[in-house]
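The values are calculated or read from the model by the stated rules, or taken from the named source; none is laboratory data. Computed from a prediction, not measured in an experiment: that's the story for all the values here. Note: ideal-geometry Cβ built from the backbone for every residue, glycine included; neighbour counts use all protein chains shown.
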Amino acid sequence: MKKLIGISIFELQKTYGDERALEIAAQIGADAVDFDINCYSCETKGSIYQKSDKEIEEYFKGLKAKADSLGLIISQTHGRLRVFFNDPIKDEAAIRDARLDCMVTKILGAPYCVMHSIATSITGPDASADYMHETFDRVFAEILPFAKSNGIKIAIETMGDSPVYGCCDFFGVLDEFKKSYDRISKIGDNADYLCCCIDTGHVNKAMRFGNPTPEEFISTMGSAVKCLHLNDNDTLTDQHKPPKTGVINWNKVLSALDEVGYDGVYNLELNLCHFGRGFEIETAEFSIKLLRFMLG
């Protein structure tokens, strides 16, 4: 069975606009895209998220039709980078945005909406484990009903380090991530609307603090892994480099995905400006060819 290759088109959307970004992705050989919707917010003046649900639906139906005309799959969306700010006003806005993220994900025909977890950069490194787990439970208990009403899954992304504090992010620790993930999954039918997005670069950075390798993280999360953000780094910073340009053992990562029965899109999430602005399309095209070669 052919393994589908996708790419996160965030930088292309920012530079060329949503519709042209889809065209470029198809032209450079992507089978699928990870479509950025975190760039929209009900708090941003002029954002589509400030319009009515009907207007939002019309806009994204147009993009879905465009993707279909190109033979391009929108395999996942990237929703909230921050689901929790520890600020009542911002937190309320984040939940409103998360509702729209789930609605838009359905309109675009994507089964998964990727969201980040509770971040140490927001809570501080001294927040207790109980506080972190309780906040995780509370926030995702608010978001999951939106996923259920739209028939999509929230893919919680693996975390890495917290550069602000020079420590591992709390949910960059595999045991802590899995503890919260498992606990909320066991409530009602939550497991049907929840999954995991493995960000290899994030996990690779967390490794500096004694955490497992990306392949070990994949093996532990097993069948919960439904989305990927494949990228490489030197463990020190979140470089989002193409595979094989950092220190990740890609043979082991791809083998681990095979072993857990991963059958989703192999999605690259890269800094397309890594080699310089104006070279984004070439970087994306090369990276797709590279990953296709790696997958054999």
Original post:
Taking into account only those residues within region 256-294 that are at pLDDT 95 or above and exposed (fewer than 14 other Cβ atoms within 10 Å of the Cβ), which is nearest to the chain's Cα centre (by Cα)?
Top reply: Asp263
**OP:** Looking only at region 207-262, count how many residues are touching an Asp or Glu at 6+ places or on another chain (Cβ under 6 Å), outside any loop (DSSP other than H, G, I, E, B) and more than 22 Å from Gln76 (Cα to Cα).
**Re:** 1
**OP:** Among the residues of region 188-206, write down those that are over 19 Å from Pro111 (Cα atoms) and touching a helix residue (DSSP H, G or I) at 6+ places or on another chain (Cβ under 8 Å).
**Re:** Thr200, His202, Val203, Asn204, Lys205, Ala206
**OP:** Kindly list, by first and then second residue, each pair from a residue in region 20-31 that is on the phi > 0 side of the Ramachandran plot to a residue that is assigned to a helix (DSSP H, G or I) and crowded, with 21+ Cβ neighbours inside 10 Å, limited to pairs with Cβ atoms under 8 Å and residues at least 6 apart or on different chains.
**Re:** Gly29/Ile288
Subject >> In region 15-27, the residues that are in contact with a Lys or Arg (Cβ under 9 Å, 6 or more places away or on another chain) and either of a type in the set (Ser, Thr, Tyr) or buried (at least 17 other Cβ atoms within 10 Å of the Cβ) (or both) >> reply: Thr15, Asp18, Ala21, Leu22, Glu23
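Look through Asp91, Asp68 and report the one residue that is in a helix (DSSP H, G or I) and closer than 24 Å to Phe170 by Cβ. Steps first, please.
On the way: Asp68 fails: closer than 24 Å to Phe170 by Cβ.
Among Asp91, Asp68, only Asp91 is in a helix (DSSP H, G or I) and closer than 24 Å to Phe170 by Cβ.
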Subject >> Residue list for region 104-161, filter: farther than 21 Å from Asp238 by Cβ, hydroxyl-bearing (Ser, Thr, Tyr) and in contact with a strand residue (DSSP E or B) (Cβ under 9 Å, 6 or more places away or on another chain) >> reply: Thr105, Tyr112
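Which residue, of Asn204, Asn211, is crowded, with 18+ Cβ neighbours inside 10 Å and within 20 Å of the chain's Cα centre (by Cα)? First the steps, then the outcome.
Details: Asn211 fails: within 20 Å of the chain's Cα centre (by Cα).
Going through Asn204, Asn211 in turn, the sole match is Asn204.
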